[in-house]
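One structure is given below, encoded as structure tokens.
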Amino acid sequence: DWWFEATVFIIILGPFVIAARIVYAWVHGESLVRTAFRYIRPLPDELVLHSDAGVKAFPWVTVYLILLNTVIFFTIPEKPALRWVFPPVGDYSFPHMLASALTSAFLHADAGHLTANMLFLWAFGSVLEPRIGGRRYLSAYFVCTLASVTLFAALMNLQSASPASGLDIGKTHTLGASGAISGVLGLFAVRCFFARVTVGLPFLFGPFLTIPLKLQGL
């Protein structure tokens, strides 16, 4: 398709254009390192780096949520974590499923899963929290967590109803804060629709070199 070929062409041509701009700025007296960092970041691609909406007050709730997720990931062993996430066989009572839905939102599969979620939470949550208030923000975070788990359970039940699916609903579960963070992104789009966010695009297909590109947050 033409759009795919155009995208590949831009990805291949883009680094050479950026390199030329860096050399041009360096020749005209600018710092080479500072100029290079302006166009290239040593970060994984496909991540939202920050928003230009600005943080109006320190986002305490967002920071606490990031710290809590990180501490749990690095301190709780895998076997206890699995017991807290997946409901015991035969115990599908509503209180247990509710508790399991909340605990699963604070556990992640690996370091990459945790890092990506926390970067998105900081990029959007730190801007959103001061605009709606810490209490309302925290309440929305947990409501979005439960809403995402409920939607997941409904979709899994629909899929398991088909005999051809072979899906065992008792062995499926959500894992991670993605559902809550998706809700934060939705609230950001409503309250900060005018804002632009910086997204990292791959530089020369490298895994840890990105080109920051500003896009409309919506």
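The table below gives the values:
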{"read-out": "Some residue of segment 93-114 being of a type in the set (Asp, Glu) and either more than 30 Å from Leu218 (Cβ to Cβ) or at pLDDT below 90 (or both)", "value": "yes"}
{"read-out": "Some residue of segment 39-54 being modelled with pLDDT of 75 or more and either of a type in the set (Val, Ile, Thr) or within 25 Å of Leu146 (Cβ to Cβ) (or both)", "value": "yes"}
{"read-out": "Answer residue from segment 112-153, given it is touching a His at 6+ places or on another chain (Cβ under 9 Å) and aromatic (Phe, Trp, Tyr) and is nearest to Leu65 (Cα to Cα) among those", "value": "Trp122"}
{"read-out": "Pair list, Cβ under 7 Å, 6 or more apart: segment 16-33 residue within 14 Å of Ile211 (Cβ to Cβ), other residue in a helix (DSSP H, G or I) and open to solvent by less than 80 Å² (accessible area, probe 1.4 Å)", "value": "Ile18/Tyr39; Arg21/Tyr39; Ile22/Thr35; Ile22/Ala36; Ile22/Tyr39"}
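The values are calculated or read from the model by the stated rules, or taken from the named source; none is laboratory data. All values derive from a computational prediction rather than experimental measurement. All Cβ positions, glycine included, derive from the backbone under ideal geometry; neighbour counts span all protein chains shown. Calculation scope for accessible area: heavy atoms of the full protein, side chains included, ligands and nucleic acids excluded. Shrake-Rupley method; radii C 1.70, N 1.55, O 1.52, S 1.80 Å.
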